[in-house]
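Novice: Take this structure, written in structure tokens, and hold onto it; I'll ask about it next.
The values are calculated or read from the model by the stated rules, or taken from the named source; none is laboratory data. Just so it is clear, the model here is predicted, and its values are computed rather than measured. Positions of Cβ are backbone-derived with ideal geometry, glycine not excepted, and every protein chain shown enters the neighbour counts.
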Amino acid sequence: EMGDDGVLHRDGERFEIAFVTSEGRDVKSREAAEAVQAQLAEVGIKANLEVMEWGAFLAEVASEGWADTWNLFTLGWSNLTGDSDYGLYSLFHSEPTPGEVNRMRYENAELDQVLDTGRQSADPDERLSAYARAHEILTDELPWVPIYQTNEIRVMKSHVTNYLNHPGEYYLRLQTIELTD
């Protein structure tokens, strides 16, 4: 039930969550988190937002006990390779290999199975089927909610040629650029 303070209450307890985000890497992380905080307040959820410097934030959400402190965090991701394995396995498999980042500790045995199939198969149809099923599972369970996509605009002088924009938006590839007179 909504309290006089504008926050939902249940059994005398306020509906409050601990929310952490970063600044210093993604341009809009703080602003996006503040927008989410305001939207949660509109429905009676008090989100106590803490903003950390990027390095400290990354260490915090990578730590084993982060979920004991935080209920919610924001973090950006871009699939630089364009292959489903890169984005899905590393973010959602319950046993990510070193360097991969299932930061929310999400676990689903069926998802692990289809991600393993997709990763191990060289058959494009089998991979497509596996990753389609992975997307169905993630859509049903919604372990995280994408809240925005950046739209990067590149402007350069006319003597800069052969620039290829990467579909990952903010990944800047300079290998092909040429400077002409």
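Novice: Given (1) farther than 30 Å from Asn151 by Cα; (2) modelled with pLDDT under 90; (3) assigned to a loop (DSSP other than H, G, I, E, B), identify the lone condition not met by Asp26.
Specialist: Going through (1) farther than 30 Å from Asn151 by Cα; (2) modelled with pLDDT under 90; (3) assigned to a loop (DSSP other than H, G, I, E, B) one by one, Asp26 breaks only (1).
Novice: Shifting gears a bit: Within the stretch 123-143, count every residue that is assigned to a helix (DSSP H, G or I) and surrounded by 15 or more Cβ atoms within 10 Å (Cβ to Cβ).
Specialist: 8
Novice: Going through the stretch 136-160 one residue at a time, which ones are in contact (Cβ under 8 Å) with a residue 12 or more places away in the chain and either under 30 Å from Ala33 (Cβ atoms) or touching a Pro at 6+ places or on another chain (Cβ under 8 Å) (or both)?
Specialist: In the first step, residues of the stretch 136-160 are kept if they are in contact (Cβ under 8 Å) with a residue 12 or more places away in the chain; the result is 137-138, 141, 143-144, 147-152, 159-160.
Listed by number, the residues that qualify are Ile137, Leu138, Glu141, Pro143, Trp144, Ile147, Tyr148, Gln149, Thr150, Asn151, Glu152.
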